[in-house]
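Inspection log for the structure reproduced underneath, given as structure tokens.
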Amino acid sequence: MRIRIDGTYAELVHAINKIRTILPVGQISLILPLHERPHTWRVFLNTAPKRDTGRRTT
């Protein structure tokens, strides 16, 4: 799954940290500046396949 996040640097960091606690992140793109909005950037996240924790759930 590909996730796009737009925001300030602090908003990007906060959102990425929150997403990484829930989903396994496989790849994070370069931070791209948005020219139509000052101090705003865009980043794309690609989620990885589900982690295998080694535990069986019943």
statement: Going through segment 19-38 in order, the residues found to be touching a strand residue (DSSP E or B) at 6+ places or on another chain (Cβ under 9 Å), closer than 22 Å to Pro49 by Cα, exposed (fewer than 12 other Cβ atoms within 10 Å of the Cβ) and not polar (S, T, N, Q) are Pro24, Gly26, Leu30
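Does Ile16 satisfy the condition of being modelled with pLDDT of 95 or more and either open to solvent by less than 100 Å² (accessible area, probe 1.4 Å) or charged (D, E, K, R) (or both)? Don't jump to the end; show me each part of the working.
Details: modelled with pLDDT of 95 or more: no; either open to solvent by less than 100 Å² (accessible area, probe 1.4 Å) or charged (D, E, K, R) (or both): yes.
The answer is no for Ile16.
Conditions tested, residue by residue: (1) farther than 14 Å from Met1 by Cβ; (2) in a loop (DSSP other than H, G, I, E, B).
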{"position": "Leu12", "(1), (2)": "yes, no"}
{"position": "Ala15", "(1), (2)": "yes, no"}
{"position": "Thr21", "(1), (2)": "yes, no"}
{"position": "Leu30", "(1), (2)": "yes, yes"}
{"position": "Arg37", "(1), (2)": "yes, yes"}
{"position": "Asn46", "(1), (2)": "no, no"}
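The values are calculated or read from the model by the stated rules, or taken from the named source; none is laboratory data. Values in this document were obtained by computation on a predicted structure and should not be read as measured data. For neighbour counting, all protein chains shown are included, and Cβ atoms are generated from backbone atoms with ideal geometry for every residue, glycine included. Only protein heavy atoms, including side chains, enter the accessible area calculation; ligands, DNA and RNA are left aside. Shrake-Rupley method; radii C 1.70, N 1.55, O 1.52, S 1.80 Å.
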